[in-house]
Each structure stands twice: as C-alpha cells, then as structure tokens.
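> Dropping a structure here in structure tokens format, bear with me for questions.
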Amino acid sequence: MNTSLLEKVEAALDTIRPYLEADGGNVKIVDVTEEMTLRLELTGTCSSCPMSAMTLKAGVEEAVKKSVPEILKVEAVKVEVA
C-alpha cells in the first residue's frame, strides 16, 4: 500500500475525527484495495450507531474523496477479533 496515499487519507480523516470523537466514535483504516476503495473499521460508538452508514457516506466519504481524489469509494468493514 502506498505510504503517501495512506498519509493523505489519515490527514483527511483527521479533519473529521473531532466530530466522531465528540460522539464517542472513530474510524480506523483497514486497507485500500486495488480498485481504490478505502476500507474503514468504525470504532467506539460508531460501530453500533444506527446513523453510522449516513455518517460514513455524508461525512467520512465526502471528506476523504475531497482531499484524496484517488479514492473512489469508502466502505465500512466489520473486523472480527479472534
């Protein structure tokens, strides 16, 4: 995975993190696919919030795609802890 791309994505996420953290949530990068889909894990209250899908689309995806146009899509994934 391209390190500078990840740094740009992290910087974009940092612009919206204060809003997520204010509600007890956050996001964590899982990976970026070859199709330029950013896969995120929703953490904290975001993982169980019924509004998280809307937050992901309206807030997170918009912020990332505006700052990092290489990213074509953002999706949440459920990371299972073994």
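> Restricting to the stretch 30-58, give me the number of residues that are out of contact with any strand residue (DSSP E or B) (no Cβ under 6 Å at 6 or more places or on another chain) and not basic (Lys, Arg). Full working, then the answer.
Taking the stretch 30-58 as the starting set, the residues that turn out to be out of contact with any strand residue (DSSP E or B) (no Cβ under 6 Å at 6 or more places or on another chain) are 33-36, 47-51, 53-55, 57-58.
Among the residues that remain, those that are also not basic (Lys, Arg) are: 33-36, 47-51, 53-55, 58.
Total satisfying the criteria: 13.
> I would also like to ask the following. Give the residues of the stretch 1-42 that are over 16 Å from Leu72 (Cβ atoms), modelled with pLDDT under 90 and out of contact with any helix residue (DSSP H, G or I) (no Cβ under 9 Å at 6 or more places or on another chain), sorted by residue number.
Within the stretch 1-42, Thr3 is the sole residue that qualifies.
> Filter the stretch 4-19 down to the residues that are open to solvent by 50 Å² or more (accessible area, probe 1.4 Å) and in contact (Cβ under 8 Å) with a residue 40 or more places away in the chain, then identify the one that is nearest to Ala53 (Cα to Cα).
Tyr19
> What's the total number of residues in the stretch 32-55 that are open to solvent by less than 40 Å² (accessible area, probe 1.4 Å) and either in contact (Cβ under 8 Å) with a residue 12 or more places away in the chain or at positive phi (or both)? It would help to see each step written out before you state the result.
At the first step, the residues of the stretch 32-55 found to be open to solvent by less than 40 Å² (accessible area, probe 1.4 Å) are 32-33, 37-38, 40-43, 46, 52.
If we keep only those that are either in contact (Cβ under 8 Å) with a residue 12 or more places away in the chain or at positive phi (or both) as well, we get 32, 37-38, 40-43, 46, 52.
Going through the stretch 32-55 one residue at a time, the tally reaches 9.
> All but one of (1) open to solvent by 60 Å² or more (accessible area, probe 1.4 Å); (2) modelled with pLDDT of 90 or more hold for Val81; which doesn't?
(2) is the only condition that Val81 fails.
> Can Ala22 be described as touching a residue at least 24 places away in the same chain (Cβ under 8 Å), of a type outside the set (D, E, K, R) and exposed (fewer than 15 other Cβ atoms within 10 Å of the Cβ)? Give the steps one after another, and end with the answer.
On the way: touching a residue at least 24 places away in the same chain (Cβ under 8 Å): no; of a type outside the set (D, E, K, R): yes; exposed (fewer than 15 other Cβ atoms within 10 Å of the Cβ): yes.
No: the conditions fail for Ala22.
The values are calculated or read from the model by the stated rules, or taken from the named source; none is laboratory data. What you see is a predicted model, and the numbers here were worked out from it, not measured in a lab. With ideal geometry, Cβ positions are generated from the backbone for all residues, glycine too; neighbour counts draw on all protein chains shown. Side chains are part of the model used for accessible areas, which takes the heavy atoms of the whole protein and leaves out ligands, DNA and RNA. Shrake-Rupley method; radii C 1.70, N 1.55, O 1.52, S 1.80 Å.
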